[in-house]
1. What is the log10 of I(q)/I(0) for the stretch 140-227, computed with the Debye formula using one identical point scatterer on each Cα and no solvent, at q = 0.10 Å⁻¹?
2. Once Lys and Arg get +1 and Asp and Glu get -1 on their Cβ, which of Ala106, Thr138, Gly83 lies farthest toward the positive end of the dipole of the chain?
3. Once the Cβ-Cβ distance between Arg72 and Glu93 is put in as r, and R0 is 30 Å, what FRET efficiency do you end up with, to the nearest 0.05?
4. Of Ala17, Leu46, Leu155, which is farthest towards the positive pole of the chain's charge dipole, taken about the Cα centre with +1 and -1 on the beta-carbons of Lys, Arg and Asp, Glu respectively?
5. List Ile190, Ile156 from most exposed to least, where exposure is judged by having the fewest other Cβ atoms within 10 Å.
6. With θ set to phi - 60°, apply the Karplus curve 6.51 cos²θ - 1.76 cosθ + 1.60 along the stretch 237-249 and write out the HN-Hα couplings as whole Hz, x wherever there is a Gly or Pro.
7. For Arg240 and Ala100, FRET efficiency with R0 = 30 Å and r from the beta-carbon atoms, rounded to 0.05?
8. FRET efficiency for Arg225 and Ala18, Cβ-Cβ distance as r, R0 = 22 Å, nearest 0.05?
Amino acid sequence: MSASGADPPEAPSVGLAAGRGAWVVLPTYNERENIEPIVSAILAALPETSVLVVDDASPDGTGELADTIASREPRVAVLHRPGKQGLGVAYREAFGWVLARPGTRAVVQMDADFSHDPAVLPRLLAPLMRDADLVLGTRYMRGGNTVGWPWYRKLISRGGTLFARTVLLLPYRDLTGGFKAWRRETLEMIRLRESSGSGYGFQIETTWWAHRRGARIVQVPIVFRERVAGTSKMSSGIVREAMLLVIRLRLRAIRDALLGADPRR
């Protein structure tokens, strides 16, 4: 107790270990088989967190089942979107929604298909309790791995990260992964309104913006496992879009350098 008899104000990082002030954002499209167990696993790992299910009008009834879960669980909310427009579009809308909620201090993005292990969530949030601004769950570092992928899927994923790292001059070892934890202030300062990625390029783009604006970025090893149920959303179009996006970002950086623009703007 303080001298005035009131409890002292809580430090911004205190409580994040249990998920207090954190939102876990789950974009979904045809994830009816996974949605209830993944939400339960998240809430077991972070008892004080909140979960936002972002459903793109799944024809299999994922959104309706999420509504049922939310009706009995106050820690769960559902954002319904009119249709499937891409991962990046769903995340941009979801981030705006959670940042508008009072008390939001951190935002986690993850897949709804158990490719990302909910048990890792406290470890992903831990660096935000110290001085990190963005935490990247990383498959391609000591302690990380991918399980259940065929060789060509691993080649595409590793090749995509190598391409993005080389072109954008970034030091991070996993740029295409989607298991990330953001400090609220960092998510607010990146250019979400200007981001154009609609697929997995969105993951590269947002990390690039955070790096460009001087964020303290920490990498945490994770094991990525092939989905438990349902089908993958990966396609050749998503890969092509990400490659073109990387090139556009590099051209923007070159243009800004020639004009003498502040790289953090």
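Here, each number is a calculation from the coordinates, and none is a lab measurement. Keep in mind that what you see is a predicted model, and the values were worked out from it rather than measured. No Cβ is skipped: glycine too gets one built from the backbone with ideal geometry, and neighbour counts run over all protein chains shown.
1. -0.26
2. Of Ala106, Thr138, Gly83, it is Thr138.
3. 0.75
4. Checked the options; the winner is Leu155.
5. In order of increasing Cβ crowding within 10 Å: Ile156, Ile190.
6. Going residue by residue, I get x, 5, 5, 4, 4, 5, 5, 5, 5, 4, 5, 5, 5 Hz, with x marking Gly and Pro.
7. For R0 = 30 Å, the calculated efficiency reads 0.35.
8. According to the calculation, E is roughly 0.35.
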